[in-house]
Amino acid sequence: MTETAHTLSPDQVADGPWLEMYRQMTKIRLFEEQVNELYRSAKMPGLAHLYIGEEGVAVGVCSALRQDDYITSTHRGHGHCLAKGADANRMFAELLGKEAGYCRGKGGSMHIADHANGNLGANAIVGGSTGIATGAAFSAKHRGTDQVAVCFFGEGALGQGVLYEVMNMASLWQLPVIYVCENNMYNEYTHYLEATAGEVLDRPRAFGIHALDVDGQDVRAVYAATKGLAERARRGEGPAFLACNTYRYHGHHVGDVDRAYYRSKDEEELWRSERDPIARLGSWLLETDLADEDKLKELEDDARTEVEAGVKFALDASFPDPSEATEDVYA
């Protein structure tokens, strides 16, 4: 079954947080463009994995959640963090290794956590946070709350055994967890069809888990699907699996510039020109008279101002004192 934007009721169309979604997706894209520039200008240590092109997934999912709901993230996690409420200042500070960062500059791009907004953390291990999200759902159920946990992971995690262990437990115990598979088509440099046998949704369904797929480039469809799955989980109806079909415009990481050996420029241009999630939402907002060109520009300018202020904040921030090097570090 494929969820589409047509699953939205007239009331959802009228009342949906569409303008904020447009602003959030724009902010994520501008944030990631700045990350790329910080890397290219040698101001950012280490690598980053850009989320550009996939903004509709993070924003669609997180817009359907409450602040006290949980998420776990991935090595390509900046979009998840921002969509769940993270502050751009502290995000950039963390990327630059500054004291003001979410992990006091020690986590960097792939280990940002924001517990105040329910973000239990990104994880550089493929599929590494699936167990954390499932554990959070176990906790929520046994504490008697109606919180939901969402676990983001790429389609490369479909080859990790831990995912199947935790889906088995989640199904047995009817845990309120949603497994969100962001299928951007490439496991690093390999097309997923060369590494993933069978149908993706057959895997969760083998455990009796309710499973859907959705067009990840349509933020409205992602929002509608997630909203329904979250409500289902809060009613005690157990786990779900949402496959979001999407695409990363850039390489696997910021240093992956020449991609011709594993995918074509024509393919990249097709997704950029015809399937961009921000452009698609913007066109819909104009067609339905929910916004005009001036409003969209206002939202874009507001997002740009926030991102540019975040970069300046991070560049001006102090590095942690060397004496703190071993604090909060566990082996």
Can you tell me how many residues in region 224-253 are within 25 Å of M110 (Cα to Cα) and open to solvent by 10 Å² or more (accessible area, probe 1.4 Å)? 4
Pull out all pairs, ordered by first then second residue, where Cβ-Cβ is under 6 Å, the residues are six or more apart or on different chains, the first lies in region 188-210 and is at pLDDT below 95, and the second is of a type in the set (A, V, I, L, M, F, W, C) and assigned to a helix (DSSP H, G or I). T196/L158
On the given criteria, is W284 open to solvent by 10 Å² or more (accessible area, probe 1.4 Å), within 18 Å of Y22 (Cα to Cα), among the aromatic types (F, W, Y) and out of contact with any strand residue (DSSP E or B) (no Cβ under 8 Å at 6 or more places or on another chain)? yes
Does N123 meet the test of being in contact with a Ser or Thr (Cβ under 7 Å, 6 or more places away or on another chain) and touching a residue at least 60 places away in the same chain (Cβ under 8 Å)? no
Determine whether region 250-266 contains at least one residue that is on the phi < 0 side of the Ramachandran plot, among the acidic types (D, E) and without any contact (Cβ under 8 Å) to a residue 40 or more places away in the chain. yes
Residues being in contact with a helix residue (DSSP H, G or I) (Cβ under 7 Å, 6 or more places away or on another chain) and not in a loop (DSSP other than H, G, I, E, B) - total across region 226-259: 5
Can you tell me which of (1) open to solvent by less than 20 Å² (accessible area, probe 1.4 Å); (2) modelled with pLDDT of 95 or more; (3) polar (S, T, N, Q) is the one S109 doesn't meet? (2)
Could you check region 132-150 and list, in sequence order, the residues that are open to solvent by 30 Å² or more (accessible area, probe 1.4 Å) and small (G, A, S)? G135, S139, G144
Might you let me know whether region 123-144 holds any residue that is under 23 Å from T226 (Cα atoms) and in contact with a His (Cβ under 6 Å, 6 or more places away or on another chain)? no
Which of the residues belonging to region 260-307 are under 28 Å from T74 (Cβ atoms), small (G, A, S) and assigned to a loop (DSSP other than H, G, I, E, B)? A260, S264
Take the residues in region 41-67 that are touching a strand residue (DSSP E or B) at 6+ places or on another chain (Cβ under 8 Å) and not in a helix (DSSP H, G or I); name whichever of them is nearest to V150 (Cα to Cα). L65
For region 41-96, give me each residue that is surrounded by 24 or more Cβ atoms within 10 Å (Cβ to Cβ) and touching a Leu at 6+ places or on another chain (Cβ under 6 Å). Y70, T72
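This table checks each residue for (1) in contact with a strand residue (DSSP E or B) (Cβ under 6 Å, 6 or more places away or on another chain); (2) crowded, with 21+ Cβ neighbours inside 10 Å; (3) more than 20 Å from L50 (Cβ to Cβ); (4) charged (D, E, K, R).
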{"position": "A122", "(1), (2), (3), (4)": "no, yes, no, no"}
{"position": "M169", "(1), (2), (3), (4)": "no, no, yes, no"}
{"position": "V180", "(1), (2), (3), (4)": "yes, yes, no, no"}
{"position": "L201", "(1), (2), (3), (4)": "yes, no, yes, no"}
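The values are calculated or read from the model by the stated rules, or taken from the named source; none is laboratory data. Computed from a prediction, not measured in an experiment: that's the story for all the values here. With ideal geometry, Cβ positions are generated from the backbone for all residues, glycine too; neighbour counts draw on all protein chains shown. Quick note on the areas: whole protein, heavy atoms, side chains included, nothing else; ligands and nucleic acids left out. Shrake-Rupley method; radii C 1.70, N 1.55, O 1.52, S 1.80 Å.
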